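Step one of this worksheet: look at the structure below.
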Amino acid sequence: MARPNHAGPASAAPDPRSIDTDDRPFVLIWEVTQACDLACDHCRADAQPARHPEELTTEEGKRLLDEAREFGEGQLVVLSGGDPLARPDLLELVEYGTEIGLRVTLTPSGTSSLTPAVVGDLADAGVRRLALSLDGASAESHDDFRGEAGSFEQTVEAAAAAREAGLPLQINTTVCASTADELPALRDRVADLGAVLWSVFFLVPVGRGQLLDPVSPERAEEILAWLSEVSEESPFGVKTTEAPHYRRVAIQRRRDASEAPPEDGIGRRLGITAGDGFAFVSHTGELYPSGFLPESAGSVREEDLVGLYRESDLFRSLRDPDALSGKCGACEFRHVCGGSRSRAYAHAGDPTASDPLCAYVPEGYDGPMPAGRVD
């Protein structure tokens, strides 16, 4: 039975087709802390056990949420980490964001801190969705990837608690060479857990993720085509992170761009990329196009969040598909895909370069292939 929510009236999600990504992001992520008890193989944040002394304070965080509200009604804000539960003021921040009209979601780590009671408290505070990570279909493979025995069991228990509390559940999974073979079994887990969305993240070599092996472009293409099939057959939505060519694959499978899936099943349009519908505030207040693209547009401690997103040269360049170079710049799908700007930056040091994970070569293209291409 779902628990009552006492955090105030819920804000409706805006129509994703009505959002101009020059004006506002679909998703604003705030990394509230880098602290986390896990040592995951892929960790972008290179998380540490202790909180950073220069994290945004409670008052600075509330000011950030106030500014996020200025983007427009129902702005989606994801509180991320590290592990957000490492912040003692987390419930206060969730309640505040909800009260001022934001749609607040959370990505906690699967640790002993995430008890059923805590999940219930988060639901009462106004969290709109809980996103949990599963990177292996079994306790052995998941715990090995996460670097902590018991993480799988704690994650599954938290998923059950979310269902009991009436919280929609999202499952996040990392795709790399060591996890790719488990994807079919993970799909079954996602269905069994009653998730509304499976978010599949294709590895970007930042943080500890630099030590992992990515899949090849050809294997990525196969996985994306398979995910497109899964999205058509499953009771949950499917979206990719740092693999926007999923949309190109879906279009090619249907041979008609008008039949491509417009949303991820819970109100977010597909095809957003770093800086274009997506923004990330670090634990110390730096605004990045993505947590995987560590080039700052400025600090929210010193400048206005909305102004930075709309007017900074970095974000404006990332919202211009015609500014892309190389294979991505020549691709006819650049306006619906655009490639991973984070992966391009990680490999070439240039966020407008080509995505080395994409296997597609535009007809007639004979220019250089992306730097760092995995063959």
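Here are the numbers for this structure:
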item	result
Residue match in region 212-230 (condition: among the polar types (S, T, N, Q), closer than 26 Å to residue 294 by Cα and in contact with a strand residue (DSSP E or B) (Cβ under 8 Å, 6 or more places away or on another chain))	no
Within region 334-374, tally of residues that are surrounded by 16 or more Cβ atoms within 10 Å (Cβ to Cβ), over 13 Å from residue 243 (Cβ atoms), in contact (Cβ under 8 Å) with a residue 40 or more places away in the chain and small (Gly, Ala, Ser)	1
Residues of region 108-144 satisfying the condition of being of a type in the set (D, E, K, R) and more than 20 Å from the chain's Cα centre (by Cα)	121, 124, 140, 143, 144
From 155, 111, 107, 179, residue being of a type in the set (Ser, Thr, Tyr) and under 19 Å from residue 213 (Cα atoms)	179
Set 344, 279: member being part of a strand (DSSP E or B) and either under 29 Å from residue 361 (Cα atoms) or within 17 Å of the chain's Cα centre (by Cα) (or both)	279
Residue tally, condition under 21 Å from residue 309 (Cβ atoms) and in contact (Cβ under 8 Å) with a residue 60 or more places away in the chain, over region 76-104	6
Test: residue in region 213-235 that is of a type in the set (Phe, Trp, Tyr) and not in a helix (DSSP H, G or I)	no
Selection count, region 322-375, where residues are of a type outside the set (A, V, I, L, M, F, W, C) and closer than 18 Å to residue 251 by Cα	9
Residue among 197, 186 that is crowded, with 19+ Cβ neighbours inside 10 Å, within 25 Å of residue 232 (Cβ to Cβ), aliphatic (A, V, I, L, M) and without any contact (Cβ under 8 Å) to a residue 60 or more places away in the chain	186
Whichever residue in region 106-122 is among the β-branched types (Val, Ile, Thr) and touching a residue at least 60 places away in the same chain (Cβ under 8 Å) and, among such residues, is farthest from residue 165 (Cα to Cα)	111
Residue ranges of helices (runs of 4 or more DSSP H) in region 88-161 with at least 3 members at pLDDT 95 or above and out of contact with any Asp or Glu (no Cβ under 6 Å at 6 or more places or on another chain)	90-99, 116-125
Pair list, Cβ < 7 Å and 6+ apart or interchain, from region 2-25 residues that are closer than 13 Å to residue 128 by Cβ to residues that are modelled with pLDDT of 80 or more and acidic (Asp, Glu)	5/124; 7/95; 7/99; 7/124; 8/99; 11/73
Restricting region 304-333 to residues that are of a type outside the set (Ser, Thr, Tyr) and touching a strand residue (DSSP E or B) at 6+ places or on another chain (Cβ under 8 Å), the residue that is surrounded by the most Cβ atoms within 10 Å (Cβ to Cβ)	318
Residue check, residue 174 of a type in the set (Val, Ile, Thr) and outside any helix (DSSP H, G or I)	yes
Search result, residues across region 304-341 that are in a helix (DSSP H, G or I) and either touching a Pro at 6+ places or on another chain (Cβ under 9 Å) or at positive phi (or both)	309, 314, 315, 317, 318, 326, 327, 328, 329, 330, 341
Unmet requirement for residue 312, which otherwise passes all of (1) free of Cβ contacts under 8 Å to residues at least 40 places away in the same chain; (2) more than 21 Å from the chain's Cα centre (by Cα); (3) closer than 28 Å to residue 219 by Cα	(3)
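Residue by residue, here is whether (1) out of contact with any Lys or Arg (no Cβ under 9 Å at 6 or more places or on another chain); (2) farther than 30 Å from residue 348 by Cα holds:
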| residue | (1), (2) |
| --- | --- |
| 158 | yes, yes |
| 161 | yes, yes |
| 198 | no, no |
| 219 | yes, no |
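The values are calculated or read from the model by the stated rules, or taken from the named source; none is laboratory data. All of these numbers come straight from a predicted model, not from anything done at the bench. With ideal geometry, Cβ positions are generated from the backbone for all residues, glycine too; neighbour counts draw on all protein chains shown.
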